[in-house]
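Data block below; observations after.
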Amino acid sequence: MLKIENVKVYDLKESVIASGNAMRLVPVEYTEEEFQKGLIRMKKLVNASKTTDVHCHDNALTGIRVSFDVTYPQYWTPEFQRYHFADIVTSSSKMHRLLKMNLSEACNKYVSQEIINEVNSYINSYNTIAADEDREGLSYIFDLRGEKITCNTKQEALYYAWMRVLSNTPLGLELFMRISTNYKQLQTIYHQRKNHKLKEDWGAFIKFIEELPYSKELILGE
């Protein structure tokens with residue numbers, strides 16, 4: 001299930017203070033007094049963005065940057081990647097490490113043992129082919145849903161063996177990545193996902209948002 005760790009928040013104070021720049025003639029000093037005044041102003045701007053047709057009053061939220069590590073199941077990422085202001089800093093990789101993973105540990109509790117055993121058998125088949133000597137006359141036969149594929153080279157057989165592993169890997173396999181985003185994007189995510197049917201995964205993400213500094217005032221708009 002979704003797990004978020006190593007959360008860092010940057011430029012919260014500076015962005016809240018900068019939210020008043022439109023009405024200033026000279027740059028402001030980033031003091032605690034200006035921050036407290038900025039919080040009052042940002043609450044009004046967040047509320048204005050919620051209650052009027054102009055949704056960019058609280059654009060200063062884009063300056064409050066958040067970075068975190070997230071461990072996630074494969075079915076979660078297509079939904080998360082629809083948000084365009086969330087950068088994936090770097091992530092773990094099925095393509096590079098799938099053959100080395102312990103699937104019983106890497107898959108979530110909803111993946112059946114039968115599926116894990118099946119994928120492990122495909123991994124073992126791949127490793128057996130990889131260990132074979134590349135010799136003349138060597139051939140492998142794959143039965144792909146009734147279609148017989150004969151491979152006359154080791155490299156060709158490794159391709160089909162790998163595609164069989166990759167294509168049968170369950171969505172419940174969990175990987176991890178580091179994300180960099182901002183309060184404005186998290187505001188959008190919060191209101192769109194707080195009642196999502198993936199209540200364990202998006203529920204953990206919503207809880208993470210609610211626990212960020214000044215989340216109640218700046219993100220939730222309460």
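The values are calculated or read from the model by the stated rules, or taken from the named source; none is laboratory data. Keep in mind it's a predicted model, so treat the numbers as computed, not measured. Because the Cβ atoms are built from the backbone with ideal geometry, glycine has one as well, and the counts that use them run over all protein chains shown.
For Leu198, the criteria (1) without any contact (Cβ under 8 Å) to a residue 12 or more places away in the chain; (2) closer than 27 Å to Ser93 by Cα; (3) part of a loop (DSSP other than H, G, I, E, B) hold in every case but one, which is (1). In this structure, Asp143 does not qualify as outside any helix (DSSP H, G or I) and either among the basic types (Lys, Arg) or closer than 30 Å to Ile189 by Cα (or both).
Among the residues of the stretch 49-58, none qualifies, meaning not one is assigned by TED's automatic domain parsing to the domain that holds Lys13, touching a strand residue (DSSP E or B) at 6+ places or on another chain (Cβ under 8 Å) and not charged (D, E, K, R).
If you go through the stretch 31-52 and keep only what is under 32 Å from the mean Cα position of the chain (by Cα), surrounded by fewer than 11 Cβ atoms within 10 Å (Cβ to Cβ) and among the charged types (D, E, K, R), you end up with nothing. Residues considered: Leu98, Leu138, Leu61. Of these, the only one that is buried (at least 18 other Cβ atoms within 10 Å of the Cβ) and either modelled with pLDDT of 95 or more or more than 30 Å from Gln185 (Cα to Cα) (or both) is Leu98. Only one residue in Glu174, Glu211, Glu217, Glu147 is in contact (Cβ under 8 Å) with a residue 12 or more places away in the chain and either surrounded by fewer than 18 Cβ atoms within 10 Å (Cβ to Cβ) or among the basic types (Lys, Arg) (or both), so which one is that? Testing whether each residue is in contact (Cβ under 8 Å) with a residue 12 or more places away in the chain and either surrounded by fewer than 18 Cβ atoms within 10 Å (Cβ to Cβ) or among the basic types (Lys, Arg) (or both) leaves just Glu217. Scanning the stretch 75-114 for residues that are more than 12 Å from Pro170 (Cα to Cα), within 18 Å of the chain's Cα centre (by Cα), of a type in the set (A, V, I, L, M, F, W, C) and part of a helix (DSSP H, G or I) turns up Phe80, Met95.
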